[in-house]
Amino acid sequence: WIGLGANLGDAAQTLRHALQALSIHPDIASCQASGFYRTAPVDAHGPDYINAVARVQTCLAPPALLDLLQEIERTHGRQRPYPNAPRTLDLDLLMVENETCSTQRLTLPHPRMHQRAFVLRPLLDLEPGLVLPQGPVQNLLSQLADQDVFPYQG
C-alpha cells in the first residue's frame with residue numbers, strides 16, 4: 001500500500017504520472033489506485049493536497065520499494081527543505097502485507113496513517129473491509145470527522 005500526495009504544480013497530473021511509473025516498473029506486477037481526494041494540509045501550511053492510495057503487487061522488498069518511491073519523487077522535483085514542506089510529490093510506503101519494520105529509514109506499518117483521513121478514505125476505495133492494527137479503517141475514519149476529505153473534481 002502506497003500513499004500518494006502532492007500540493008505544488010499540477011498535483012493531479014503528477015499523481016497520474018507517479019501511478020504510471022509504478023504500473024510500468026518491471027518489478028511491479030499490478031498497480032490499483034483509489035480515487036483522488038482534495039484535502040487541507042495536516043500539521044503543515046500551503047495549498048490543498050491531492051491524495052490517493054495505490055495497492056501494488058511487487059517482488060521488491062520494502063527497502064527496495066522505498067528506493068523506487070524516492071526515485072519517482074526525485075524525478076518529479078521532490079525537495080525536502082524542512083519537515084512538512086509543500087511537495088511536488090510525496091510517496092509513502094504505508095504497509096507491506098503483515099510485515100513490520102522499525103528502522104531509522106522505514107517504519108511499517110506507517111506510524112500515522114490511522115490518524116490521517118487523507119490516507120484512510122482512499123484505502124476504503126480499494127478495500128472497504130481493511131483492518132489496520134488500530135482497528136477497521138471505517139471506524140478509524142469516523143473518528144477523524146474534523147479532517148475534510150473531498151472527492152477531487154479535476
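The values are calculated or read from the model by the stated rules, or taken from the named source; none is laboratory data. Keep in mind it's a predicted model, so treat the numbers as computed, not measured. Quick reminder, even Gly has a Cβ in these numbers, built from the backbone with ideal geometry, and neighbours come from all protein chains shown. Just the protein is used for accessible areas: all its heavy atoms, side chains included, with ligands, DNA and RNA removed. Shrake-Rupley method; radii C 1.70, N 1.55, O 1.52, S 1.80 Å.
Miscellaneous remarks
- Here the stretch 22-40 is the region considered, the condition is being assigned to a helix (DSSP H, G or I) and open to solvent by 30 Å² or more (accessible area, probe 1.4 Å), and the residue that is nearest to residue 152 (Cα to Cα) is 23.
- Filtered by the rule that a residue be among the small types (Gly, Ala, Ser), in contact with a Ser or Thr (Cβ under 7 Å, 6 or more places away or on another chain) and open to solvent by 20 Å² or more (accessible area, probe 1.4 Å), the stretch 1-21 gives a lone residue, 9.
- Checking 149, 137 one by one, the residue that is at pLDDT 95 or above, touching a Leu at 6+ places or on another chain (Cβ under 7 Å) and not hydroxyl-bearing (Ser, Thr, Tyr) is 137 and no other.
- Residues (free of Cβ contacts under 8 Å to residues at least 12 places away in the same chain and either touching a strand residue (DSSP E or B) at 6+ places or on another chain (Cβ under 6 Å) or under 23 Å from residue 109 (Cα atoms) (or both)) located in the stretch 136-154: 136, 139, 142, 143, 145
- In summary, residue 43 fulfils each of the numbered conditions (1) free of Cβ contacts under 8 Å to residues at least 24 places away in the same chain; (2) assigned to a loop (DSSP other than H, G, I, E, B); (3) open to solvent by 60 Å² or more (accessible area, probe 1.4 Å) with the single exception of condition (1).
- Condition check for residue 58: modelled with pLDDT of 95 or more and farther than 28 Å from residue 128 by Cα: no
- Entry remark, the stretch 14-47: residues being modelled with pLDDT of 95 or more and acidic (Asp, Glu) number 1 in total.
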